[in-house]
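The values are calculated or read from the model by the stated rules, or taken from the named source; none is laboratory data. Note that the coordinates shown come from a computational prediction; the quantities given were computed from them, not determined experimentally. Heads up, the Cβs are rebuilt from the backbone with ideal geometry, glycines too, and the neighbour counts pull from every protein chain shown.
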Amino acid sequence: MKGKNNMKTNIRQNRAITLIALVITIIVLLILVGVTIATLTGDNGLLTRASQAQIKTAMAEAKEQCDLIALGEVSKYYGGTQADGLDTAIVTKLNEKVGENKLANGVTASLNGTGTNAKITLTSNKGETERVVGTVQNGKIIWKDMPNREDGQWLIGDETKKKIYTIEDLVELSNRTNNGESFEGETIELMSDLDFNDVTCYENADRTDFGDINGNETIETLKTELTTEQGFMPIGRTSALALKATFDGKNHTIKNLHIDRTTSYSALIGNSYTIQNLTVKDGYVSGGWNTAGIVGALRSGKIEKCHNNNTTVILREGDFCYVGGIVGVCYSGTDEIVSCTNTGDISAYSTYGNGLNYLRWHSWSLTK
């Protein structure tokens, strides 16, 4: 009897062990399945990477098709068989191909504008959206990557970081700071070089929904608003509306900034906290008190590795003072201007005391 009981006990124990092993096996299999699914479908999974590669291949093929069209028109032009202007001829031929939808599979193309103001946009329609924009310049298409967003979604990012991809983003930052949003504690990143004269740096250089920026009481295209009359409205135009974020240019350049105002704090950023890794180039800035190429008044933090490359800065005639190629006045202490250079012309026509003395008083701190 005792032997039979021991046998039953052993059988029950073996069954329990078998059940435990089965459970462990199932758990291991589920883990492996999970790992496999994640490997295939995760953000960096095989399927995702394959889809991204497919998109990039299609976009590259579409760009190549456009470049070949341009090359063909260049050949005709210099061969004497093209009567129209070269860039106009390229845009005309591109328009034909876009209308016939004869670019790469999975890529939608659109062409807006005419002649040298025309802009071709290529958008993938497979999986994750990708966009590139090109303009025809001197017989060649200049391409520029654009962010994945709907028109009107400016300054995309999260609660701690905002990103500037286009001129519209820069204008939106100006509008929002000048309406009281300080972005305190955040970082504003410049994601690419921007040129106010280059239509590829805009989502739509012909848009009018930003209104009368240049103060001539006429609503014109955005590019016209920003490059004529009073031009760009400084970000943080008063001390009470200072930009309190860290502005990181990420070693990019802003070209052809145009500001021609009589107000104080005429600069790319009128009143600001920390600014770093930014260059302004070939611009023109004219204004009253605290006028500069990059920041009118540094209120806190520091300005580091910033450069004015051939941007003219003028302190207007009148009861004004303080002007600089990089910064007009630094309230947070002169030690906060680090590794900055200026090669732009600086002029002062102030009648406040001796305007030239104020110019000299401040110009020493442009490079440190």
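Checking the condition surrounded by 20 or more Cβ atoms within 10 Å (Cβ to Cβ) and modelled with pLDDT of 80 or more, which residue from Leu103, Leu111, Leu122 passes?
Answer to the selection: Leu122.
Contact annotation: no residue pair with Cβ atoms under 7 Å, 6 or more positions apart or on different chains, pairs a residue in the range 252-270 that is at positive phi with a partner that is of a type in the set (Asp, Glu) and surrounded by 24 or more Cβ atoms within 10 Å (Cβ to Cβ). On the stretch given as the range 186-244, residues that are assigned to a helix (DSSP H, G or I) and either without any contact (Cβ under 8 Å) to a residue 60 or more places away in the chain or closer than 16 Å to Leu155 by Cβ (or both) total 8. Only one of the numbered conditions (1) surrounded by fewer than 18 Cβ atoms within 10 Å (Cβ to Cβ); (2) in contact (Cβ under 8 Å) with a residue 60 or more places away in the chain is not met by Val171, and that is (1).
Note on the range 162-185: residues that are touching a helix residue (DSSP H, G or I) at 6+ places or on another chain (Cβ under 7 Å) and either assigned to a helix (DSSP H, G or I) or closer than 18 Å to Ile254 by Cα (or both) amount to 5. From the list Asn204, Asn178, Asn138, Asn214, the lone residue that is among the polar types (S, T, N, Q), surrounded by 17 or more Cβ atoms within 10 Å (Cβ to Cβ) and modelled with pLDDT under 95 is Asn204. Here the range 275-292 is the region considered, the condition is being outside any strand (DSSP E or B) and modelled with pLDDT of 95 or more, and the residue that is surrounded by the fewest Cβ atoms within 10 Å (Cβ to Cβ) is Asp282.
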